[in-house]
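Enquirer: What follows is a structure written as structure tokens; I'll ask about it next.
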Amino acid sequence: MLTVKLPQIFQVHQVPRIFWEDGIMSGYRHPKSSALDCILSSFQMTNETINIWTHFLPTW
């Protein structure tokens, strides 16, 4: 069976202040995430998940 380790998701205090967004307290990806980590994180609940899927699904 294939298992995939999803990338770690961070709280606001765990990422550099430059990446902080008002009102978003969790769901941050690591600032130096690989392309694969970014793709895999689209299947996790991050602060961008809904944004990604609502823009992606209408194109189908």
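Computed from the coordinates by the stated procedures, all read-outs in this text should not be read as laboratory data. Computed from a predicted model, the values in this text were never measured in an experiment. Cβ coordinates were reconstructed from backbone atoms using ideal geometry, including for glycine residues, and neighbour counts include every protein chain displayed.
Enquirer: For the chain, with a Gaussian network of springs between Cα atoms less than 10 Å apart, report the residue from Ser42, Ser34, Ser26 with the top mean-square fluctuation.
Expert: In the Gaussian network model the winner is Ser34.
Enquirer: Next up: Over the Cα atoms of the chain, what radius of gyration and what Dmax do you get, in Å?
Expert: Reported Rg and Dmax, both Å: 12.7, 41.
Enquirer: Give me the net charge for the shell around Cys38: Cβ to Cβ below 10 angstrom, other residues only, Lys and Arg +1, Asp and Glu -1.
Expert: -1
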